[in-house]
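Values in this text are rule-based calculations from the coordinates and carry no lab data. Note that the structure is a prediction, hence the values are computed from the model and not measured. As a convention, Cβ positions derive from the backbone with ideal geometry for all residues, glycine included, and neighbour counts pool all protein chains shown.
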Amino acid sequence: MSRLLLAALLAGVLLGAQAQVTVARPDIPLSTEQEARLAELLPDLRCLVCQNESLAESRAPLALDLKYEVRGLVASGRSAPEIKQYLVDRYGDFVLFRPPFDARTWLLWLGPFALVLLALGVLLRQIRGSRRAVAAAPPKPVDDAALKKLLDE
Amino acid sequence: MRYAIPLLVLAVLLGFFAVGLNRDPRLLPSPLIGKTAPSFELPVLALSTAQAADAAPARLGNAAFAGKPFLVNFFASWCAGCQVEHPYLMTLARQGAVTLVGIDYKDADADVRQWLAARGNPYAPILVDLDGRAGIDFGVYGVPETFLVSADGRVLHKHVGALTPEAFEKDFKPLLGAGS
């Protein structure tokens, strides 16, 4: 009996410890056009808790809050860039799956292309170098006797 | 000599890995640093049920804390990291070096009252952010998070996760005198 009581108490403590409050919020009705804009926007926004999921996919409490927030912003007629800026102001560029091109991120955006160009340059130089080497070295005079011997074998 | 360039490339890569892999990918830089703290206006938590049953709770906002640096600590009774940092917050409160404003994040009032009764209350006032809107304005993505706000109302530093004495001494203390 006391064991049962203890188990019930423990369960209560454990459950109680996990209770993040979710507030009932009024639905925000959107027009079909707004609904489409929201659907387009959410996959571009990162869930900060489960970092490789977008807000569209995530069920984390914070993601649900942010989704609701974004829904409200769409309903109030804010444009997609304005909404993204609203989130970047609070959470930083990390909230965007596609980081902006600026002074801090140019290397990230251009780096791969620069590497490809560099590799192409090195490749071209090597090809040219080996061609020149081939052209520069005149073929050895053929030793007819040795050739004949080789073919006869 | 033949291997000089590949070895150099390897060394650079290893250097990047050494730095990159030792970073915590969960720590995000806050865009709020140096900017005016987000404005908030939240109800004050009643510390007893009797008090709660009384009148409507007072509301406090940024203005109430202006003129002195203060810490904003987002916490909740359901949050494990908050239990970890709680004893150190009690120490900080005893030292009285800085005002500690608690924001109870998405938490039931009754739960947090019980939590505080068992552990002690280090906060000067506790404000209630029931729906997490203030959390969104501060860019909170995982409690506990602690912000240092200067006397002139700018965010000077943000700490994510349980606040440790080391982090406070290193990152917060040198900034306490700034912006006054």
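Using only the Cα atoms of segment B:114-172, construct the convex hull and provide its projected area averaged over every direction, in square nanometres to one decimal.
5.1 nm²
Treating the angle as unsigned and between 0 and 90°, give the value, to the nearest 10°, between the Cα long axis of helix B:4-20 and the longest Cα principal axis of chain B.
The angle comes out at about 10 degrees.
If Lys and Arg each add +1 and Asp and Glu each add -1, what is the summed charge of the other residues whose beta carbon sits under 15 Å from the beta carbon of B:Gln114?
Taking every other residue near B:Gln114 into account, the sum is -2.
By Kyte-Doolittle mean hydropathy of at least -0.5 and Cα axial length of at least 24 Å, which whole DSSP H helices of chain A are selected?
A:106-136
Nearest 0.05, what FRET efficiency do A:Asp89 and A:Arg132 give at R0 = 51 Å with Cβ-Cβ as r?
0.30
Could I have the simple spin-label model distance between B:Asn62 and A:Asp44, label points 7 Å from Cα toward Cβ, reported in nm to one decimal?
My value for the distance between the label points is 2.8 nm.
Considering all projection directions equally, how large on average is the shadow of the alpha-carbon convex hull of the protein assembly as shown, in square nanometres?
Approximately 34.8 nm², given one-decimal rounding.
Starting from the Cα of B:Glu166, step 7 Å along the direction of its Cβ; do the same at A:Trp106; then give the gap between the two resulting points in nm.
Result for the modelled spin labels: 3.8 nm.
Taking one equal scatterer on every alpha-carbon of chain A, how large is log10 of I(q)/I(0) by Debye at q = 0.10, 0.19, 0.21 1/Å?
Normalising to I(0) and taking log10 leaves -0.65, -1.16, -1.28.
Between A:Leu107, A:Leu87, A:Leu42, which gets the highest mean-square fluctuation from a Gaussian network model of chain A, Cα cutoff 10 Å?
Fluctuation is largest for A:Leu107.
For segment B:73-83, take each phi angle, set θ = phi - 60°, evaluate the Karplus expression 6.51 cos²θ - 1.76 cosθ + 1.60, and give the result in whole Hz per residue in order, putting x for glycine and proline.
Values per residue, Gly and Pro as x: 10, 7, 8, 7, 6, 8, 9, 6, x, 5, 5 Hz.
Can you work out ³J(HN,Hα) from phi for every residue in segment B:86-101, in order, using Karplus 6.51 cos²θ - 1.76 cosθ + 1.60 and θ = phi - 60°, giving whole Hz and x for Gly and Pro?
3, x, 5, 4, 4, 4, 4, 5, 5, 5, x, 6, 8, 5, 10, 9
Distance from the Cα centre of segment B:133-180 to that of segment B:41-95, in angstrom?
15 Å
For segment B:49-104, what is the per residue volume of the convex hull drawn over the alpha-carbon atoms, in cubic angstrom?
Cα-based convex hull of segment B:49-104, divided per residue, equals 115 Å³.
Compute the helix-to-body angle for B:109-119: its Cα long axis versus the longest principal axis of chain B, expressed 0 to 90° and rounded to tens.
80 degrees
For segment B:1-120, what are Rg and Dmax over the alpha carbons, in angstrom?
That works out to 22.7, 83 Å for Rg and Dmax.
Among the trypsin sites (Lys or Arg not before Pro) in segment A:61-116, which ones are in a DSSP loop with at most 11 other Cβ atoms within 10 Å of the Cβ? Mind listing them?
A:Arg104
Say R0 is 45 Å: what FRET efficiency, to the nearest 0.05, do A:Val142 and B:Ala4 get from their beta-carbon distance?
Result of the calculation: an efficiency of 0.70.
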